[in-house]
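Each value in this text was obtained by applying a stated rule to the coordinates, not by laboratory testing. All values reported here derive from a predicted model rather than from experimental measurement. Glycine also receives a Cβ, built like all others from the backbone with ideal geometry; neighbour counts cover every protein chain displayed.
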Amino acid sequence: MLLLALAKQPCDTVITQPKLTGVVPARYYTQVTQKANKVARNLDRQSMLAVSALLEREQRMQNLLARKDPEAAARVFQAPVDSLRQLKAKLQHKLPLGGGLKVHNETIDSLAGTLAFLKENKALGAVGSAGGLESTSEAVNALEERFQSADQVRAFLQAQKATLNEQLASYSALGQELKALNQQAYYYSQQLNEYKELLHDRKRAEAKALVALQQLPAYRNFMAQHSQLAALFNLQGAAGSQSLAGLQTRNAVGQVIQQRLAGADASAVTGQMDAARGQLQTLRDKYAGLNSAGEMPDFKPKELKTKSLRQRLEFGANTQFEKSSRFFPTTADIAGQVAYKFSKNGSVGMGASYKLGMGTYNHVQFTSQGMGVRSFLEWRIKQSLYANGGFEENYTIPFASLSNLYSLNQWIGSALLGISKKIQLNSKLKTNVMLLYDFLWASHSPTTQPLLLRMGYNF
């Protein structure tokens, strides 16, 4: 009977899924807006600093050159200095710079496409989030304009670097200024790449919204058809199979290669291609942030120069246990620390610790057994292996209030040196194991253990 009833159903019946609502949380718009505004402010500040520094440097170079060759100084610097003044004025008033090719930014393209999809499907947003959608779209559009302006500033810096190096190569007195100009152009380019990386850092609401949206076929189809790259190559609907006039297709290029290499040994050609790919990949890894060969530095770049203070700081926490003895119960030193990276291999930092007494195995009792302050220097020896040394002052007498800690003659010093091993758990978290030797352990009264084993995390 059930089969007969089903057979009577019309064959074109469509089973629809319930309409999804509230897939995107309201916090998504807030987080994207805050991120876009923050990066836009940083771009404005760095672009203004770069143009102002370049204007000051070129005026200084013009004055130096004018002492030896006034005509050359006017010919080389007059037009660029005027252009820099105009560029600076436009940046101050946040005016579009105009001209230049539109540079594709994958993350902004994704954000703009997602917001466009949400505009057409407002039911997917949280209740009352329509205002947030509009303000977020405005912030992302403004950020795209800022990146376009920054890329034009970058192109201007690179052009000036190439022109001045060519025209002033014979003036040795300007050698240091030209070197500083080359470094400024390179580091500004690297700074822009840092800001592009910031856009990849998604907070919880943003990541949750993207995961939910990517489950929808309609969203995936929309992004495939409306991204900037799709618009550039006309990859919409069936147009994706069309070839552009005047451009060779991939199959055509492949046929030409086969014809040219028909008489060659296939294995030899394959080996040469693999070797070439390996060399190219090595260059890409070494200069990952470069946009063209013209940005190849002629000096050894400082990898941390474009990092902000927050990006140079590394926070950590560790624990050290000490078994009970005649004088002390079992204790755990719980410490927090912060380190500042002064190079890619080295960091210096400071921290504080709290000594928690835990009693014995048959009589557990939590007490305050002391406090400590520490400083340290860390240097990478090889890959994840580090040398670690520092000085500490520890108060090892049980105390009931912080006023007891003011007695400085009760503090005990330690001089530590050892090694540490860091293991990367994910992009932000590392586990850390340290083995340290205390050179002053014998001078402590009562004596303490010479070897210290500490385990913790860095983030």
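Here the relative contact order of segment 311-458, from alpha carbon pairs under 8 Å that lie six or more residues apart, stands at 18 percent.
Neighbour counts of C-beta atoms inside 10 Å place 23, 153, 348 in the sequence 348, 23, 153, starting with the fewest.
Quick one: net charge of residue 412's neighbours, Cβ under 14 Å, K/R +1, D/E -1?
That works out to -3.
Which entries in the list 88/305; 196/305; 179/300; 307/341; 341/422; 302/341 go over 18 Å, if you measure between the two C-alpha atoms of each?
On the way: 88/305 24 Å; 196/305 16 Å; 179/300 12 Å; 307/341 10 Å; 341/422 15 Å; 302/341 12 Å.
Violating the 18 Å limit, Cα to Cα: 88/305.
The label point for residue 419 and the one for residue 334, both projected 7 Å from the Cα toward the Cβ, are 3.1 nm apart.
Quick one: net charge of residue 81's neighbours, Cβ under 13 Å, K/R +1, D/E -1?
Working: positive: 57, 60, 75, 85, 88; negative: 56, 58, 82.
Here the charged neighbours net out to +2.
Local charge for residue 443 was computed over the other residues whose Cβ lies under 14 Å away, with Lys and Arg +1 and Asp and Glu -1, and equals -3. Taking only the C-alpha atoms of segment 26-236, Rg followed by Dmax gives 21.6, 71 Å.
Projected label points at residue 302 and residue 41, each 7 Å from Cα along the beta carbon direction, are separated by 2.5 nanometres.
Taking other C-beta atoms within 10 angstrom as a stand-in for reagent exposure, 391, 77, 459 fall in the order 459, 391, 77, fewest first.
For the residue pair residue 163 and residue 427, what label-to-label distance in nm results when each label sits 7 Å from Cα along the Cα-to-beta-carbon direction? Spacing of the two 7 Å Cα→Cβ label points: 3.9 nm.
Note on segment 311-458: antiparallel DSSP beta bridges, both residues inside, total approximately 100 percent of the bridges counted.
For segment 311-458, what class follows from the C-alpha gyration tensor (a ≥ b ≥ c being the square roots of its eigenvalues): rounded when a/c is under 1.5, otherwise prolate if a/b is larger than b/c, else oblate?
Numbers: a/c = 1.87, a/b = 1.71, b/c = 1.09.
Prolate, because a/c is 1.5 or more and a/b exceeds b/c.
When both segment 28-56 and segment 210-224 are represented by their alpha-carbon centers, they are found 30 Å apart.
Efficiency by 1/(1 + (r/R0)^6): what FRET value for residue 123 and residue 193, r their Cβ-Cβ distance, R0 = 22 Å, to the nearest 0.05? Don't skip to the answer; put the middle values down first.
Details: r = 38 Å, r/R0 = 1.71.
Computed FRET efficiency for residue 123 and residue 193: 0.05.
Quick one: order 69, 151 by neighbouring beta-carbon count within 10 Å, fewest to most. Intermediate results must be reported in sequence, preceding the final value.
Details: 69 12, 151 20.
Arranged by neighbour count, lowest to highest, 69, 151 become 69, 151.
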